[in-house]
Amino acid sequence: MNIITRAAAAAAFLAAGADVRAETLRMWGPEQITEPLIAELWNGIKADFEVKNPGVTVEFIPPTGTISNGAVQAALQSDVGPDVVLTNSGIGRITVVKNAKQIIPLTAYYDERAWKDKIYPWLFEELKGQYAGEIYEVPDGLDALGIWYHKDMFAENGWTIPATWKDFVTLMKAIQEKSIQPLAVGPRTPGSAGHLFGNLLQSASGTINVGKALRGELAWDDPALVVGAVRLRELVDAGFIKKEMAGLDLDGASRLWFNKRAAMFVAGPWFTANARKAGYDLNNAGYLPMPSDMAGEAKPTGGVGWSWLIPSNSKQPELALKWIDFMLSDEVMKKRAQHAASTMIYPRELKDIQPSTRVLKEIFAVAANGVGYNPSVYLPADVTDTYFQVIQGLVSGQISGEDGMKQIQGKMVAVR
Amino acid sequence: MAGVQALDDTASGAAATAPPRKWELIPAGHGNTGTAFWLMAPAIAVYGIFTLFPIAVTFWLSFTDSAGFNTPASFVGVENYRKAVQDPIVWQALWQTIIWLIYHVVLAGGLGLGLALAIARLKRSQVFFRTAFFLPHLVSLAVVGVIWANIYDPFFGLLNTGLTEIGLGNWTQGWLSDPALVLFSVNVASSWQGFGLYMLLFIAGLQDIDPALYDAAEVDGANSWQKLIHVTLPGLREVMTFVMSLAMINGLKGFATVFVMTNGGPFYQSELITTYIYRLAFQAQDHGLAAVLCILLSLFAITITIVFNRWRARMAR
Amino acid sequence: MSMRNREWPVALALVPVLVLVLAPFAWLLVSSLKSEAEIGRADPFEWPAELMWQNYLDAWQIGGFGELVGNSFFNVAGVVILMLVTCAPAGYALSKIRFPGREWMFYALIFGMTIPIQAIVIPLYQVLSGLGLVNSLAGIVLAQVSNGIPFGIFLMRSFFTNVPDELVEAARIDGASHFQILTKIFLPISTPAVMALVIISALSTWNDFFLPLIVLISPDVQTIPLGLVRFAGTYASEYRLVFSGTVISFLPIILLYILTQRRFTEGLTQGAIKG
């Protein structure tokens, strides 16, 4: 008896479902949807999309990891995986899922759906250059890593971020004399190690040289490139970066900065989220690129931080494309850029927007003058591990800058 | 494997002293092999499909250039083995795995034994201490990693601030950054989680020692130390073997705490074979080399088992 | 003799050791009651200005712990039952039935004990995927049981080896089958070993992070350890929820242990040692 009524109910449900053509779009991401601010933003976007596309339900899958720890690959490989993915990208990571044929090329849609007009032209060119013309991702957000400092601390002591490396070292000495740690870093979080190191490479060698090294056209142990690594070791030896920091992760290191035991920290716009959680007053945060002796090379470093991907086994490829269209629309991008949960730079210039915090405005302004490479996201996946370990080796004072760069170069050669 | 083999030896050894072997008396009915097979069938099926088969695939992968899911893998002969031998990190990880294993046996096994010796004599408060000291073993290793990474924080951690607070400021260390300390520090965290089981096993072993032996020793005028050396420790020989084997297996499989707390760093100073395998497979996508290391680890385990059993047999003589 | 009056001095001497060993728990409990800003200040000796019991409520609701706990219980129950179904008969066969190749079979079955799961995870994933078991609790249960079988068989076999063979003989003469002997005689007298097997497999299953990470993809099938990851992002984590969620995840397993600890210790003794 019971079974019959239940079967009838199921049949009725199925019939009703067929009428409205109920469809579900399952999306991998966003990260930290458990945080109320982020949940508010994304539930709003989801609701807008559902209104525009009657009968469609968007379902978020809270990520259990990234491509780096295998979680994304496992999800993509399964037949119950997401229909569209938002995850940490960069060419190293994308190559992994591309080689495994887990994602589809999106090149054609850049023309068909005019996506190429919705991202910076230089960004489009860069993406086109990565896999001989094929593009597998749609950038969602860019990173711009630079030096965060405390405005009040710097004002009180009359400090400013100077223009040359020599003055920068002098500044760090002055900071150290006040019993404040000049620069904090948490290299146990691989990304964080790369943020500081990328800044140092950019400052010492400039965008062109770093770009060449990433493409394998310039040896990493070339004198033109080792300066950044040598300088890192010098900062460690001078105690401007404490050796103990080799055991810190990003959270541990950022605590030093939020508690003002450290004066400077290299991070990107996403650091606003950390600051909010730590109860740090974001009005006091200042942001500037690391000084460089090379003209015009005092630039933040970065690259594509987050991207949209469409899995090969997506059950809703059409809906996934619509969703990406929607994410690239002015309406959504502006909404996100002005929301308090916003933590990144958007892939095209957004006019007349009011970022939720002053420091984000500063970051947008600095980044508008150009962004250098953050090698972490450009290096081949099999070199990144060596790269991060070498940075840890430098911070813990185990190797010299020259030796470290030699090891990275060795790995670059072995991989090619 | 080591523990198992060791125990198996003791079992058959015990049986051998009571001849004839009793199971031989069981009427060897025709159905027995068949019955045995059916009784083992569920275990064999599950284990064969989900463990043995993947191991076999791993063995095959070690001769290919597989790069993970859906990628074409072609046979490359012993190329991966050559790469493994030439990779200095492999040797470093192997050496550190041995050190890690020794730390684990000494720290976790030692603490387990010490506490068991103290607790086993207690009557009224035994259950309390036994339960309380076992609590860390209930925590997952990944969580242990998160907790201890916070404790070891050089600037804010419980350990360094605590030391400073009680006037031992110059004892503070970069627990996870000092190349000479990091493996030890992480192992302490891992052993903190691991010692409880060994403690319970030792307590069980101690309770199994015939009290008459102590009385006899007392009559002979033995002091506590002599009783420990001549009665307690010999009485614990079997459980000691078991605990050491178990600790070695656990040590060899050590992964989660290192993975969470240092991921092998800084600069490979806490790299274990297992963490290197993981990073090779998931970050570098070099599944061939990862498979070689997996086989290396198995061979290593088997070697340790054999060496340990030889040593034990010689000690028993 | 002197044993009895040593109780209190020894107990007193153990207290400081216990305090040291349990200090991380104290730290965790206190931290789980702090606000995110207080955790950010990172003073381990600072008492929370206001006890944030809210953290527990938030972790439960935001993290969707209700569903996670349900899945974890299902996961543990499945593993425990299947462990008994696979290991008890196999342990019996390997200890009480004579058949050719018994030793080899035993070694083959416990060989897996030395293989770290990380080493075989990709082929294992492909097996699960081929059988349509990815993203299902059934899949994770089978993989975990397989991983636990070597120790389980080892434990049960050692325990059964200790049971006098006369019991088997007598029952055989009465015409009982091996299966009947196992279920009617051996299992009822093996409560301690069964308890040890139950606790050890429940513990490792409850805390397993690695296999669920790879196998359980949809939120509606995930277990507690994966729920904790939801509070962590690439660059920022919500520690108040990580900590309180961790405490929540301890409670059931601590309860299980305290309720069964007497038999558990007995089971370990008789199962593992007297073999």
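The values are calculated or read from the model by the stated rules, or taken from the named source; none is laboratory data. Treat the numbers as computed from the prediction; the structure is a model and nothing was measured. Every residue, glycine as well, gets a Cβ built from its backbone with ideal geometry; the counts of neighbours run over all protein chains shown.
Restricting B:280, B:293, B:289 to those that are at the interface with chain A (Cβ under 9 Å from one of its Cβ atoms), assigned to a helix (DSSP H, G or I) and closer than 19 Å to residue B:58 by Cβ reduces the list to B:280. Kindly indicate whether any position in segment C:236-254 is farther than 19 Å from residue C:27 by Cβ, more than 8 Å from chain A (Cβ to nearest Cβ) and either in a helix (DSSP H, G or I) or touching a strand residue (DSSP E or B) at 6+ places or on another chain (Cβ under 9 Å) (or both). Yes, segment C:236-254 has at least one match. For segment C:79-92, the criterion of being in contact with a helix residue (DSSP H, G or I) (Cβ under 7 Å, 6 or more places away or on another chain), surrounded by 16 or more Cβ atoms within 10 Å (Cβ to Cβ) and either under 18 Å from residue C:244 (Cα atoms) or within 14 Å of chain A (Cβ to nearest Cβ) (or both) is satisfied by no residue at all.
Would you mind stating whether residue B:139 is touching a residue at least 12 places away in the same chain (Cβ under 8 Å), out of contact with any Ser or Thr (no Cβ under 8 Å at 6 or more places or on another chain) and of a type in the set (Val, Ile, Thr)? Taking the combined requirement at face value, the residue satisfies it. Is it the case that segment A:319-337 has a residue that's outside the structural domain of residue A:376 (by TED's automatic domain parsing) and polar (S, T, N, Q)? Scanning segment A:319-337 turns up at least one residue that is outside the structural domain of residue A:376 (by TED's automatic domain parsing) and polar (S, T, N, Q).
Conditions (1) more than 8 Å from every other protein chain (Cβ to nearest Cβ); (2) outside any helix (DSSP H, G or I), marked per residue:
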| position | (1), (2) |
| --- | --- |
| C:118 | no, no |
| C:124 | no, no |
| C:167 | yes, no |
| C:175 | yes, yes |
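Within segment B:250-287, the set of residues being more than 16 Å from residue C:210 (Cα to Cα), modelled with pLDDT of 90 or more and crowded, with 24+ Cβ neighbours inside 10 Å comprises B:262, B:264, B:266, B:267, B:269, B:270, B:271, B:272, B:273.
Of the residues making up segment B:100-117, those that are without any contact (Cβ under 8 Å) to a residue 40 or more places away in the chain and surrounded by 18 or more Cβ atoms within 10 Å (Cβ to Cβ) number 0. With the structure loaded, tell me whether residue B:84 is part of a helix (DSSP H, G or I), farther than 30 Å from residue A:256 by Cβ and without any contact (Cβ under 8 Å) to a residue 12 or more places away in the chain or whether it fails that test. In short, no.
Answer with yes or no whether residue C:132 is within 10 Å of chain B (Cβ to nearest Cβ) and at pLDDT 90 or above. So residue C:132 does not fit the description; no. Of all the criteria given as (1) more than 28 Å from residue B:195 (Cβ to Cβ); (2) at pLDDT 85 or above, the one not satisfied by residue B:317 is (2). Under the condition of being facing another protein chain (nearest Cβ under 9 Å) and in contact with a Ser or Thr (Cβ under 8 Å, 6 or more places away or on another chain), which residue from segment A:93-109 is farthest from residue C:131 (Cα to Cα)? Of everything passing the filter in segment A:93-109, A:99 is farthest from residue C:131 (Cα to Cα). Only a single criterion out of (1) farther than 30 Å from residue B:122 by Cα; (2) in contact with a helix residue (DSSP H, G or I) (Cβ under 7 Å, 6 or more places away or on another chain) is not satisfied by residue B:173, namely (2). Of A:350, A:309, A:328, A:321, all but one fail to be hydrophobic (A, V, I, L, M, F, W, C), within 18 Å of residue A:119 (Cβ to Cβ), away from every other protein chain (no Cβ under 14 Å) and within 16 Å of the chain's Cα centre (by Cα); the exception is A:309. For segment B:206-240, filtered to residues that are in contact (Cβ under 8 Å) with a residue 40 or more places away in the chain and facing chain C (nearest Cβ under 9 Å), the residue that is farthest from the chain's Cα centre (by Cα) is B:207.
All conditions in (1) surrounded by fewer than 22 Cβ atoms within 10 Å (Cβ to Cβ); (2) of a type outside the set (Phe, Trp, Tyr); (3) not assigned by TED's automatic domain parsing to the domain that holds residue A:99 hold for residue A:390, with the sole exception of (1). Contact map, segment C:180-197: residues that are surrounded by fewer than 23 Cβ atoms within 10 Å (Cβ to Cβ) paired with residues that are acidic (Asp, Glu) and assigned to a helix (DSSP H, G or I), Cβ distance under 6 Å, separation 6+ or inter-chain. Pairs shown: C:192/C:266.
Among the residues making up segment A:173-193, a single one is within 22 Å of the chain's Cα centre (by Cα) and away from chain B (no Cβ under 13 Å): A:183. Pairs meeting the criteria (first residue in segment A:152-164 and assigned by TED's automatic domain parsing to the domain that holds residue A:262, second residue polar (S, T, N, Q) and surrounded by 12 or more Cβ atoms within 10 Å (Cβ to Cβ), beta carbons under 7 Å, at least 6 apart or on different chains) are A:152/A:284; A:154/A:160.
Results for (1) in contact (Cβ under 8 Å) with a residue 24 or more places away in the chain; (2) within 14 Å of chain A (Cβ to nearest Cβ), shown as yes or no for each residue.
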| site | (1), (2) |
| --- | --- |
| C:24 | no, no |
| C:37 | no, yes |
| C:43 | no, yes |
| C:48 | no, yes |
| C:67 | yes, yes |
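Got a sec? Which of A:402, A:362 is among the acidic types (Asp, Glu), more than 9 Å from chain B (Cβ to nearest Cβ) and in contact with a strand residue (DSSP E or B) (Cβ under 6 Å, 6 or more places away or on another chain)? Unique residue meeting the criteria: A:362. Scanning segment C:12-28 for residues that are surrounded by 14 or more Cβ atoms within 10 Å (Cβ to Cβ) and within 19 Å of residue B:149 (Cα to Cα) yields C:21, C:22, C:23, C:24, C:25, C:27, C:28. Screening residue C:213 with (1) surrounded by 24 or more Cβ atoms within 10 Å (Cβ to Cβ); (2) within 14 Å of chain A (Cβ to nearest Cβ); (3) not charged (D, E, K, R) gives one miss only, at (1). Looking at B:93, B:43, just one residue is at pLDDT 95 or above and within 30 Å of residue C:83 (Cα to Cα), and that residue is B:43. Annotation: of all residues in segment A:233-246 being assigned to a helix (DSSP H, G or I) and away from chain B (no Cβ under 13 Å), the one that is farthest from residue B:149 (Cα to Cα) is A:234.
Residues are listed down the side, and each one gets a yes or a no for (1) without any contact (Cβ under 8 Å) to a residue 12 or more places away in the chain; (2) within 26 Å of residue A:74 (Cβ to Cβ); (3) within 14 Å of chain B (Cβ to nearest Cβ):
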position	(1), (2), (3)
A:111	yes, no, no
A:118	no, no, no
A:125	yes, no, no
A:130	no, yes, no
A:138	no, yes, no
A:150	no, no, no
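Residues that are in a helix (DSSP H, G or I), among the small types (Gly, Ala, Ser) and within 14 Å of chain A (Cβ to nearest Cβ): does segment B:174-190 have at least one? So far as segment B:174-190 goes, yes, one or more of its residues are in a helix (DSSP H, G or I), among the small types (Gly, Ala, Ser) and within 14 Å of chain A (Cβ to nearest Cβ). Restricting attention to segment C:220-231 and to residues that are touching a Phe, Trp or Tyr at 6+ places or on another chain (Cβ under 9 Å) and hydrophobic (A, V, I, L, M, F, W, C), the residue that is farthest from the other protein chains (Cβ to nearest Cβ) turns out to be C:224.
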